[in-house]
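Data block below; observations after.
The values are calculated or read from the model by the stated rules, or taken from the named source; none is laboratory data. Predicted, not measured: the structure shown is a model, and the values here were computed from it. Cβ: placed from backbone, ideal geometry, glycine included. Neighbour counts: every protein chain shown.
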């Protein structure tokens with residue numbers, strides 16, 4: 001039977017005072033495949049270890065099937081965990097490694113043999129049952145580690161970057177095997193990775209962490225298509241989202257002008273987002289645009305068109321990427337201070353409701369950045385400012401070169417908008 005997981009206001013502080021996980025609220029549904037995504041050191045593995053019982057939370061509650069489990073030993077939690085380093089018994093054969101957890105659970109010999117045979121066949125390791133781990137390839141050892149977890153038939157799989165030590169081809173193959181098998185078994189799975197490709201292709205939902213704080217959670221389509229924070233927008237996608245500084249000027253009942261520096265875009269008043277952005281008249285915001293929001297056009301094309309010169313090209317076989325200088329200023333996510341990112345609450349539904357109500361209430365200006373917080377836009381008068389290099393997708397090996405002029409049409413509906421704190425400016429919530 002699959003297990004539900006709930007973390008309520010969970011915090012983990014290490015003895016030296018480092019906050020690894022900060023007030024995390026997260027629920028995992030029965031049979032769901034949830035991926036915890038984020039850079040190294042963001043608290044992903046710590047969350048898994050607390051659920052498994054290998055670490056105790058400093059504060060908060062962890063519930064499995066609605067029951068608190070803080071006092072339960074790891075072996076009593078109906079959990080199987082797969083580690084990055086395989087953690088196989090080197091003195092046992094593959095069959096012995098698969099058999100060991102069943103023997104501890106009291107399964108009879110005949111039942112153990114049936115389970116081991118079925119799992120070995122499903123994972124393609126039936127012909128290596130008599131070998132020891134040292135005689136296996138990395139991919140085979142990872143399959144054995146997965147098999148040892150699966151053979152127990154747990155209610156919850158915890159997988160801590162199980163594919164990070166493998167080559168890219170094998171990772172892609174095992175991604176499909178893991179998702180297919182967990183869905184076939186109907187088992188709840190929490191999977192930790194720093195690889196966004198794994199997260200977006202494997203997950204039912206993705207939870208993005210930064211500095212121990214939940215930044216966003218939703219389906220892969222939701223977190224990619226409508227990121228809740230600037231950090232999530234920059235973290236997901238390849239190439240990274242273009243993040244441009246823009247000044248807002250409102251022409252009532254006509255359009256909102258987004259001044260990018262040397263060029264401007266016009267958001268029509270009929271666009272529902274225009275009224276939300278109009279609250280920032282005379283202020284600076286961040287405009288986000290993925291490479292697919294731009295289409296090469298003829299230089300004389302009317303409408304929302306940006307013109308620039310190609311700084312450099314990247315050829316990827318199936319496509320080329322051109323990086324344009326359009327006279328705009330880039331917003332760097334690295335400029336977000338760790339304190340600013342860690343101290344903000346998670347961007348969940350309640351926060352989106354609060355943001356929408358604040359806009360609807362008529363308050364023209366956002367709340368000021370509090371002392372100790374960092375604006376993502378920095379000092380408008382600073383001299384050292386990085387020019388934007390806007391990424392645009394082109395056909396493979398186009399007949400252009402660095403220094404060539406290029407005009408691109410902008411699909412305004414594909415733009416994203418963020419305030420100076422890095423929070424999404426929106427007309428509602430997912």
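Kindly establish whether residue 112 is assigned by TED's automatic domain parsing to the domain that holds residue 182, outside any helix (DSSP H, G or I) and modelled with pLDDT of 85 or more. Steps first, answer last, please.
Details: assigned by TED's automatic domain parsing to the domain that holds residue 182: yes; outside any helix (DSSP H, G or I): no; modelled with pLDDT of 85 or more: yes.
No, not satisfied.
Conditions (1) out of contact with any helix residue (DSSP H, G or I) (no Cβ under 7 Å at 6 or more places or on another chain); (2) buried (at least 17 other Cβ atoms within 10 Å of the Cβ); (3) more than 27 Å from residue 219 (Cα to Cα); (4) not assigned by TED's automatic domain parsing to the domain that holds residue 206, marked per residue:
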| site | (1), (2), (3), (4) |
| --- | --- |
| 33 | no, yes, no, no |
| 37 | no, yes, no, no |
| 42 | yes, yes, no, no |
| 49 | yes, yes, no, no |
| 55 | no, yes, yes, no |
| 64 | yes, yes, no, no |
| 79 | no, yes, no, no |
| 87 | no, no, yes, no |
| 91 | yes, no, yes, no |
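Kindly check whether there is at least one residue in region 275-285 that is surrounded by 14 or more Cβ atoms within 10 Å (Cβ to Cβ) and assigned to a strand (DSSP E or B).
So the first thing to find is which residues in region 275-285 are surrounded by 14 or more Cβ atoms within 10 Å (Cβ to Cβ), and the list is 275-281, 283-285.
After this cut, where a residue has to be assigned to a strand (DSSP E or B) as well, the list is 284-285.
Yes, because at least one residue in region 275-285 is surrounded by 14 or more Cβ atoms within 10 Å (Cβ to Cβ) and assigned to a strand (DSSP E or B).
Is one or more of the residues making up region 206-226 closer than 21 Å to residue 331 by Cβ, in contact with a helix residue (DSSP H, G or I) (Cβ under 7 Å, 6 or more places away or on another chain) and surrounded by fewer than 18 Cβ atoms within 10 Å (Cβ to Cβ)?
Within region 206-226, the first condition is being closer than 21 Å to residue 331 by Cβ, and the residues that meet it are 208, 210-211, 213, 215-216, 223-226.
When the remaining residues are screened for being in contact with a helix residue (DSSP H, G or I) (Cβ under 7 Å, 6 or more places away or on another chain), the result is 208, 210-211, 213, 215-216, 223-224.
Now drop any that are not surrounded by fewer than 18 Cβ atoms within 10 Å (Cβ to Cβ), which leaves none.
No, every residue in region 206-226 fails to be closer than 21 Å to residue 331 by Cβ, in contact with a helix residue (DSSP H, G or I) (Cβ under 7 Å, 6 or more places away or on another chain) and surrounded by fewer than 18 Cβ atoms within 10 Å (Cβ to Cβ).
Let me confirm something: among 16, 9, 25, which residue is more than 17 Å from the chain's Cα centre (by Cα), in the same structural domain as residue 190 (by TED's automatic domain parsing) and assigned to a strand (DSSP E or B)? Walk me through how you get there before you give the answer.
Values: 16 fails: assigned to a strand (DSSP E or B); 25 fails: more than 17 Å from the chain's Cα centre (by Cα).
The match here is 9.
Kindly evaluate residue 163 against the criterion of being closer than 30 Å to residue 11 by Cβ and modelled with pLDDT of 90 or more. Quick ask: steps written out before the conclusion?
Numbers: closer than 30 Å to residue 11 by Cβ: yes; modelled with pLDDT of 90 or more: no.
Against the criterion (closer than 30 Å to residue 11 by Cβ and modelled with pLDDT of 90 or more), residue 163 does not qualify.
Is at least one residue of region 128-138 free of Cβ contacts under 8 Å to residues at least 24 places away in the same chain and surrounded by 14 or more Cβ atoms within 10 Å (Cβ to Cβ)?
Here is the first cut: in region 128-138, the residues free of Cβ contacts under 8 Å to residues at least 24 places away in the same chain are 135, 137.
Still in the running and surrounded by 14 or more Cβ atoms within 10 Å (Cβ to Cβ): none.
Looking through region 128-138, none of the residues is free of Cβ contacts under 8 Å to residues at least 24 places away in the same chain and surrounded by 14 or more Cβ atoms within 10 Å (Cβ to Cβ).
When you check residue 184 against the structure, is it in a helix (DSSP H, G or I), surrounded by fewer than 23 Cβ atoms within 10 Å (Cβ to Cβ) and in contact (Cβ under 8 Å) with a residue 40 or more places away in the chain, yes or no?
Numbers: in a helix (DSSP H, G or I): yes; surrounded by fewer than 23 Cβ atoms within 10 Å (Cβ to Cβ): yes; in contact (Cβ under 8 Å) with a residue 40 or more places away in the chain: no.
Considered against the rule, which asks whether it is in a helix (DSSP H, G or I), surrounded by fewer than 23 Cβ atoms within 10 Å (Cβ to Cβ) and in contact (Cβ under 8 Å) with a residue 40 or more places away in the chain, residue 184 comes out as no.
Kindly indicate whether residue 189 is part of a helix (DSSP H, G or I), under 28 Å from residue 84 (Cβ atoms) and not assigned by TED's automatic domain parsing to the domain that holds residue 393.
Here the answer is no, as residue 189 does not meet what is asked.
Taking region 47-84 only, how many residues are within 18 Å of residue 36 (Cα to Cα) and in a helix (DSSP H, G or I)? It would help to see each step written out before you state the result.
Of region 47-84, the ones within 18 Å of residue 36 (Cα to Cα) are 47-55, 57, 62-64, 79-84.
Within this subset, residues satisfying the condition of being in a helix (DSSP H, G or I) are 47-52.
Total satisfying the criteria: 6.
Answer yes or no: is there a residue in region 136-152 that is assigned to a helix (DSSP H, G or I) and within 20 Å of the chain's Cα centre (by Cα). Walk me through how you get there before you give the answer.
First pass over region 136-152, keeping only residues assigned to a helix (DSSP H, G or I): 138-150.
Still in the list and also within 20 Å of the chain's Cα centre (by Cα): none.
No: region 136-152 contains no residue that is assigned to a helix (DSSP H, G or I) and within 20 Å of the chain's Cα centre (by Cα).
With within 30 Å of residue 122 (Cα to Cα) and out of contact with any helix residue (DSSP H, G or I) (no Cβ under 9 Å at 6 or more places or on another chain) as the only criterion, which of 261, 186 stands out?
On the way: 261 fails: within 30 Å of residue 122 (Cα to Cα).
Step by step, each of 261, 186 is checked, and only 186 is within 30 Å of residue 122 (Cα to Cα) and out of contact with any helix residue (DSSP H, G or I) (no Cβ under 9 Å at 6 or more places or on another chain).
Taking residue 73 as the residue in question, decide whether it is closer than 17 Å to residue 30 by Cα and in the same structural domain as residue 136 (by TED's automatic domain parsing). Spell out the reasoning first.
Details: closer than 17 Å to residue 30 by Cα: no; in the same structural domain as residue 136 (by TED's automatic domain parsing): yes.
It is false that residue 73 is closer than 17 Å to residue 30 by Cα and in the same structural domain as residue 136 (by TED's automatic domain parsing).
Checking the conditions here, which among 283, 319, 292 is within 17 Å of residue 251 (Cα to Cα) and in contact (Cβ under 8 Å) with a residue 40 or more places away in the chain?
On the way: 319 fails: within 17 Å of residue 251 (Cα to Cα); 292 fails: within 17 Å of residue 251 (Cα to Cα).
Testing whether each residue is within 17 Å of residue 251 (Cα to Cα) and in contact (Cβ under 8 Å) with a residue 40 or more places away in the chain leaves just 283.
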